[in-house]
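The values are calculated or read from the model by the stated rules, or taken from the named source; none is laboratory data. Keep in mind that this is a model prediction, so the values were computed, not measured. Glycine gets a Cβ as well: all are built from the backbone with ideal geometry, and neighbour counts include every protein chain shown. Heavy atoms of the whole protein, side chains included, go into the accessibility calculation; ligands, DNA and RNA do not. Shrake-Rupley method; radii C 1.70, N 1.55, O 1.52, S 1.80 Å.
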Amino acid sequence: MADTMAQQRGAQHGATSPGDDGEPRRDFLKLVAGSFAAVGVGAMAWPFIASMNPARDVLALSTTEVDLSPIAVGSAVTVVWRGKPVFVRNRTAEEVQAARAAPLSQLPDPQADQARVMRDPWLIVVGICTHLGCVPLGQKPTDPRGDYGGWFCPCHGSHYDTSGRIRKGPAPANLVVPEYAFTSDTQIRIG
Amino acid sequence: MAIGLHDSDFKNPVVRWIDARLPVFTMMQKEYGTFPTPRNFNYFWNFGALAMINLMIMIATGIFLAMHYTPHTTMAFDSVERIMRDVNYGWLLRYVHANGASMFFIVVYIHIWRGLWYGSYKAPRELLWMLGVVIFLLMMATAFMGYVLPWGQMSFWGATVITNLFSAIPLIGPDIVTWLWGGFSVDNPTLNRFYSLHYLLPFVIVGVVFLHVAALHITGSNNPLGIDPKGPQDTIPFHPYYTIKDSVGVVAYLVVFAILVFFMPNYLGHPDNYIPANPLVTPAHIVPEWYFLPYYAILRAVPDKLGGVVLMFASIAVLFVLPWLDTSPVRSMRFRPLAKWFLVLWGICFLVLMWAGGKPAEGTYVAIARVATFYYFLYFLVILPLLGRLERPLSLPESIARPVLRGGGPLPAGAAAQPMEKA
């Protein structure tokens, strides 16, 4: 039945050579037309989708300079980089010691403190909990700093240590170390 | 009658002229006038109509609020305060809109519960049910984005937490979040697109509601007995019987709505949302709006980030396959002596999750949420599939007109087996 119909259609279009029922040729045409349509729809959809990605002015605001000289040992400041808080902490010797003493095998996201800082006392991390994006507490001396002396996220109870590494709670990863560089001894540029 | 024109029954010449060319009057008469409807609805069957009315109230108040609102991070909060203080009746529009969202979820949760209790999701109404779940998802997206617009602390941090859920997706998660934000944090581009989508989605909901109702009018309504109407003696015309019954429900609904709006307009809100958004300070205790709390509790009950997100979405997704998980052919819980108690327990677990979601994520609250989450899924994935085989349902009544009453007593004289004139 299907064969007969195919033969009729093939005959109508005069597209068949004797003994060929026309189907492979028709399948090919359908496939090519369908593929072109799909690519065309995708090409037209792309500008709409891409328009929702960060615009050029948003991307342009991607570096922040920080003067480190007013930050006393043991204190911290919060600066804004790309609309996010960045914690800049001048750690005490004990805090650095505590961060380095922690055995890597006990860390959910193992990373040595040395790999997370450029100069010993200065810890620079994005102040956004890697769980669901809250800002952890611990920047002010009066804030709770969690069980490991770093930061504590009040939203869902993640504890970070003095290297900004996750130690306890639902967050899957350490606080992110942004790209930064020392432009002088007392100046950094983030981004 | 000219060829190609609809043969209209209407006498009024203007109505008849229109109806012959575009039979909207005939359609309304068929779908809402004479539409044969089971004669035994209880008040649970009001909630579809109530949801429809609620949707119209939300769209009406929303359109007028949009005339005064400014979707910009520096002005959004102040423009909402201006609506509250300076715009004529702005306070009324905003309180109706904000509490209308809560009323919408109350109504829809009862509507869904009705479906669960009386088995309205079973064949042949599977697609009708699935369209309803789609509406529910669209409602959640719309409500979430609407809550962001006032740009208070809860707006900002709610948006941050919820959009960050997508960062749990392996590999492409962070890129998706940046794309959703239009930047590197929740900021002005995010507010702008949420406003655009918050205006769009209600009209998408209208479209899906149309399909939901269209599907309903093919299968016909379920009813408290869960058995099919067997003839005209089992049905009554929608108008005037159910238009009037729905009207009674509408009055009760509006009383509750008015009490919320006029006497306790901020009862269901969170005071922190009257603090302007501050990207550098997270409030000590972030909670979503009450209607999201059960899912939030499920999210937090799992100690793993991806696992929590997956389970939260699965708690809604499981509803899509519910018609195939429930293997019992009996629809109404009235005739399922075991299943009804398991469903009651499920309902209690849902409320427990709602309560636990509003508490801090620590200690016993998490433990309780875990137990409730476990049962939430156990009911759908294990209990319902098994009960279809293990449970012995009570005997079903012969027809809607001759139900098996408690104690098997007869119907009041004249009520049974009287064929209705119209239907």
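Overview of results
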{"item": "Summed buried accessible area for A+B [probe radius 1.4 Å, Å², rounded to 100]", "result": "2100 Å²"}
{"item": "Gyration tensor (alpha-carbon) shape descriptor, chain B, a/c threshold 1.5", "result": "oblate"}
{"item": "Residue-averaged beta-carbon neighbours from other chains (10 angstrom radius) around A:147-160", "result": "3"}
{"item": "Between helix B:90-117 and chain B: long-axis angle, C-alpha atoms, 0 to 90°, nearest 10", "result": "50 degrees"}
{"item": "Per-residue mean of C-beta atoms belonging to partner chains within 10 Å, peptide A:76-82", "result": "2"}
{"item": "Gain upon complete extension [B:ASP78, B:ARG16; 0.36 nm per residue less C-alpha separation]", "result": "17.1 nm"}
{"item": "Mean ellipticity per residue at 222 nm, deg cm²/dmol - from DSSP H runs of n ≥ 4 across chain B, formula -39500 (n - 2.57)", "result": "-19000 deg cm²/dmol"}
{"item": "Point-to-point label distance, A:THR92-A:ALA60, nm (Cα→Cβ direction, 7 Å offset)", "result": "4.5 nm"}
{"item": "Solvent exposure of the protein assembly as shown as accessible area per residue, Å², 1.4 Å probe", "result": "50 Å²"}
{"item": "Computed FRET value (nearest 0.05) for B:TYR89 with B:TYR109, which takes r as the C-beta separation and R₀ as 30 Å", "result": "0.55"}
{"item": "Relative packing of B:83-91, A:121-129, which averages over residues the other C-beta atoms within 10 Å, highest first", "result": "A:121-129, B:83-91"}
{"item": "Within the range B:228-352: Cβ-based charge dipole about Cα centre, in debye rounded to nearest 20 (Lys, Arg +1; Asp, Glu -1)", "result": "340 debye"}
{"item": "Non-local Lys pairs in the protein assembly as shown, i.e. 8 or more apart or on different chains, that have alpha carbons under 26 Å apart", "result": "21"}
{"item": "In degrees, nearest ten, helix B:305-320 long axis to first principal axis of chain B (Cα)", "result": "20 degrees"}
{"item": "Inter-label distance, nm, simple model (7 Å from Cα along the C-beta direction), B:PHE262/A:ASP109", "result": "5.3 nm"}
{"item": "Carbon/sulfur fraction of accessible area - the protein assembly as shown, other protein chains in place, 1.4 Å, %", "result": "67 percent"}
{"item": "Estimated inter-spin distance, B:LEU280 and A:SER75, nm [label 7 Å along Cα→Cβ]", "result": "1.4 nm"}
{"item": "Within the range A:36-104, trypsin sites (Lys or Arg not before Pro) in DSSP loop having at most 12 other beta-carbon neighbours inside 10 Å", "result": "none"}
{"item": "Shielding by partners, peptide A:123-136 (average Cβ within 10 angstrom, other chains)", "result": "5"}
{"item": "B:LEU254-B:ALA367 FRET efficiency (beta carbon distance; Förster radius 30 Å; 0.05 resolution)", "result": "0.15"}
{"item": "HN-Hα J in Hz across the range B:356-368 - Karplus 6.51, -1.76, 1.60, θ = phi - 60°, x for Gly and Pro", "result": "5, x, x, 9, x, 7, 8, x, 5, 4, 5, 4, 4"}
{"item": "Mean residue ellipticity (222 nm) of chain A, computed from DSSP H runs ≥ 4 via -39,500 (n - 2.57), nearest 500", "result": "-9000 deg cm²/dmol"}
